[in-house]
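The values are calculated or read from the model by the stated rules, or taken from the named source; none is laboratory data. Owing to the predicted nature of the structure, the values given are computational and were not obtained by experimental measurement. Because the Cβ atoms are built from the backbone with ideal geometry, glycine has one as well, and the counts that use them run over all protein chains shown. Accessible surface areas use protein heavy atoms only, side chains included; no ligands, DNA or RNA. Shrake-Rupley method; radii C 1.70, N 1.55, O 1.52, S 1.80 Å.
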Amino acid sequence: MQTALRTSLPETELASRANFAPHARVVREQRPVEAGLPLSIRGLRKSFGDNEVLRGIDLHIPAGQFVAIVGKSGCGKSTLLRLIAGLDKIDAGSISFGQDTQPEDIRVMFQEPRLLPWARVLSNVEVGLGRDRASADADTRAAKALTEVGLTDKRHQWPSVLSGGQKQRVALARALVSRPRVLAFDEPLGALDALTRISMQRLLERVWRDQGFTAILVTHDVTEAVALADRVLVIDEGRIAHDVVVNAGRPRERGSAELASLEASILSHLLSAEDRT
Amino acid sequence: MSLIDSISLPRGVRLPRIDGLIQWIVPLAIIAIWQVASVTGFVPTRVLPAPSDVVLAGWKLLLSGELVRNIWVSFWRASIGFLIGGSIGFAFGLANGLSQLSAKLTDTTLQMVRNVPHLALIPLVILWFGIDESAKLFLVALGVFFPIYLNTLHGIRTVDPQLIEMGRIYGMTDGELFRRVIFPGALPSIFVGIRFALGIMWLTLIVAETIAASSGLGYMAMQAREFMLIDVVVLSILIYALLGKLADSASRVLERLTLSWHPAFQKR
């Protein structure tokens, strides 16, 4: 997989890649890759009434990869994510995870935190345990997930006293507590201010590297996409228009020339799609 | 207030006590002015007896046991009627909020019945039940039913659908979804219904006891009118006010206990 990804890199990035590559390999080896699930999508279609939103998506995501999906509004990126997460019914085609999955293996995080306002932070995280909610170690597991997102001291608070970023971190802990193997993000940072967003991006990257789940991030923010993902898919008119590999090492240097040039090329894809309409 | 804040008293000890007293300043002032007006003859005692006379009348009735008996009868009628009407209203609210079929089947009918003022049924109720206990219970239950029904229904229907979707994603069963998402989400609205219903409960009971009863506070007031005991009439009215306030306070305490998560109940 690694070699395949490398050969697809543009020639101009060879120099900087030489600096990143060794580090990247070390990180890869540390990660529990078996934790993630591979994802295969074949001929996926979805319509809402007369409006065909997805017109044949074919996609393979290797286990543990971080994929970002970008596209203009209404291009079908959120629909694709909802289908992957099993929230909507597929019209045609298939999505398979390579093996039987438990409901707890696949988790979604939305733009809104969707916390229960009448449950303390810790019980909100326990909701994420799914069928294990009633188990004896539910509290311990939820507390551990809260520690992972840095909110140990907020466990007995009501959600209403938390800031937007903290609420989203609780939502992340709730998604993580069942140790999912695929984690789908639907613009999870869209409603946050710029600074909070950057710290949340770092957190997402860290937990993804620690836990090795397959991550699928739908975002309208191309900077965010190239900062986090191994691979960026550009969706246009219900199809995958571009499949761009981001091979910068991790942790990534925000605003580096390498990421900036990638970002510019993805933006030009998006803008050309915009001009056509 | 700012003076008290600036003195370093432990917060939450002195302040609530003073806050709690503030609300009684106006009623006490009214009673004081009333007493002065009566004593000086500014208000003839035939129109309005002095508060001291009302207290005296209350004391006599208390000693004879009549007061306690009548209050108890009224309180019993109010609570039983409230429980019956409230539970039926709550049950219909749940059923129609959760099931489309049930809503289609019964909501239109209930909305039609709702537009009949329940006190207009008094003549019919007297024909049906006489001046029996069941007449009063029926009227109170009917009056209490609608605010609780409407607000329970509204509460359930307005639970955030995103939270319900979240619950489903995280594998909640229908029972869990109800217990952890729908019911707590509907609770603030249900409490609005309860407080409305408490007001209607007293109103209905006063009217029903005044017109058709042989015991209770309303009956006591009507009896007193027959014998021109104006102090007892005023006493009954005051007791109604006090009981109403008591019921409202009880529902507030309950609200505060169950809605402690709500931002509106977190200050103070």
Leading residue by the ranking (surrounded by the fewest Cβ atoms within 10 Å (Cβ to Cβ)) among those in region B:170-181 that are within 14 Å of A:Arg133 (Cα to Cα) and facing another protein chain (nearest Cβ under 10 Å)
B:Thr173
If you take the residues in region A:97-113 that are at the interface with another protein chain (Cβ under 10 Å from one of its Cβ atoms) and among the charged types (D, E, K, R), which one is most open to solvent (accessible area, probe 1.4 Å)?
A:Glu112
(1) touching a Gly at 6+ places or on another chain (Cβ under 8 Å); (2) within 14 Å of another protein chain (Cβ to nearest Cβ); (3) in contact (Cβ under 8 Å) with a residue 40 or more places away in the chain; (4) not β-branched (Val, Ile, Thr): which one isn't true of B:Phe191, the others all being true?
(1)
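Is there a residue being under 27 Å from A:Lys72 (Cβ atoms), within 14 Å of chain B (Cβ to nearest Cβ) and open to solvent by less than 10 Å² (accessible area, probe 1.4 Å) anywhere in region A:150-167? Break it down stepwise before answering.
Restricting attention to region A:150-167, the residues satisfying the condition of being under 27 Å from A:Lys72 (Cβ atoms) are A:164-165.
Filter again for within 14 Å of chain B (Cβ to nearest Cβ), leaving none.
So far as region A:150-167 goes, no, none of its residues is under 27 Å from A:Lys72 (Cβ atoms), within 14 Å of chain B (Cβ to nearest Cβ) and open to solvent by less than 10 Å² (accessible area, probe 1.4 Å).
Quick one: would you say B:Ala213 is away from chain A (no Cβ under 14 Å), in a loop (DSSP other than H, G, I, E, B) and not aromatic (Phe, Trp, Tyr)? Can you show your working first?
Numbers: away from chain A (no Cβ under 14 Å): yes; in a loop (DSSP other than H, G, I, E, B): yes; not aromatic (Phe, Trp, Tyr): yes.
The answer is yes for B:Ala213.
Of all residues in region B:37-91, which are within 23 Å of B:Leu205 (Cβ to Cβ) and assigned to a loop (DSSP other than H, G, I, E, B)? Steps first, please.
Of the residues in region B:37-91, the ones within 23 Å of B:Leu205 (Cβ to Cβ) are B:54, B:57-58, B:61-62, B:64-91.
Residue satisfying the conditions is B:Gly65 alone.
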Filtering region A:206-224 down to residues that are touching a residue at least 60 places away in the same chain (Cβ under 8 Å), open to solvent by less than 60 Å² (accessible area, probe 1.4 Å) and in a helix (DSSP H, G or I), which residue is farthest from A:Leu37 (Cα to Cα)?
A:Val222
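Quick one: in region A:120-132, of everything that is at negative phi and facing chain B (nearest Cβ under 7 Å), which residue is nearest to the chain's Cα centre (by Cα)? Steps first, please.
Of all residues in region A:120-132, those at negative phi come to A:120-129, A:131-132.
Now narrow it down to the ones that are facing chain B (nearest Cβ under 7 Å): A:127-128, A:131.
Values: A:Val127: 20, A:Gly128: 17, A:Arg131: 24 Å.
Per the criteria, the residue is A:Gly128.
Being in contact (Cβ under 8 Å) with a residue 12 or more places away in the chain and either open to solvent by 30 Å² or more (accessible area, probe 1.4 Å) or out of contact with any Leu (no Cβ under 6 Å at 6 or more places or on another chain) (or both) is the filter here; which residues of region B:91-102 pass it?
Step one: filter region B:91-102 for residues in contact (Cβ under 8 Å) with a residue 12 or more places away in the chain, giving B:92-94, B:96-98.
B:Phe92, B:Leu94, B:Leu98 - these are the residues of region B:91-102 that are in contact (Cβ under 8 Å) with a residue 12 or more places away in the chain and either open to solvent by 30 Å² or more (accessible area, probe 1.4 Å) or out of contact with any Leu (no Cβ under 6 Å at 6 or more places or on another chain) (or both).
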What single numbered condition from (1) under 30 Å from A:Gln157 (Cβ atoms); (2) open to solvent by 40 Å² or more (accessible area, probe 1.4 Å); (3) away from every other protein chain (no Cβ under 14 Å) fails to hold for B:Ser251?
(2)
Quick check: anything in region B:156-163 over 30 Å from A:Pro103 (Cβ atoms), surrounded by fewer than 19 Cβ atoms within 10 Å (Cβ to Cβ) and away from chain A (no Cβ under 14 Å)?
no
Per the filter on region B:141-179, residues among the aromatic types (Phe, Trp, Tyr) and farther than 30 Å from B:Val116 by Cα are B:Tyr170, B:Phe178
Out of the residues in region A:256-276 that are touching a residue at least 12 places away in the same chain (Cβ under 8 Å) and farther than 20 Å from A:Phe66 by Cβ, state the one that is least open to solvent (accessible area, probe 1.4 Å).
A:Ala273
Selection within region B:68-90 - free of Cβ contacts under 8 Å to residues at least 24 places away in the same chain and hydrophobic (A, V, I, L, M, F, W, C)
B:Val68, B:Trp72, B:Trp76, B:Leu83
Evaluate the following for B:Leu127: is it open to solvent by less than 20 Å² (accessible area, probe 1.4 Å), over 23 Å from A:Trp118 (Cβ atoms) and assigned to a helix (DSSP H, G or I)?
no
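Only one residue in B:Arg11, B:Arg114 is within 30 Å of B:Leu177 (Cβ to Cβ) and at pLDDT below 90, so which one is that?
On the way: B:Arg11 fails: within 30 Å of B:Leu177 (Cβ to Cβ).
Selected residue: B:Arg114, the only one of B:Arg11, B:Arg114 that is within 30 Å of B:Leu177 (Cβ to Cβ) and at pLDDT below 90.
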Answer yes if at least one residue in region A:255-262 is in the same structural domain as A:Ile84 (by TED's automatic domain parsing) and modelled with pLDDT under 85, and no otherwise.
yes
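For region A:230-255, how many residues are open to solvent by 30 Å² or more (accessible area, probe 1.4 Å) and on the phi > 0 side of the Ramachandran plot?
At the first step, the residues of region A:230-255 found to be open to solvent by 30 Å² or more (accessible area, probe 1.4 Å) are A:237, A:239-243, A:251, A:253-255.
Then drop every residue that is not on the phi > 0 side of the Ramachandran plot, which leaves A:237, A:255.
The qualifying residues number 2.
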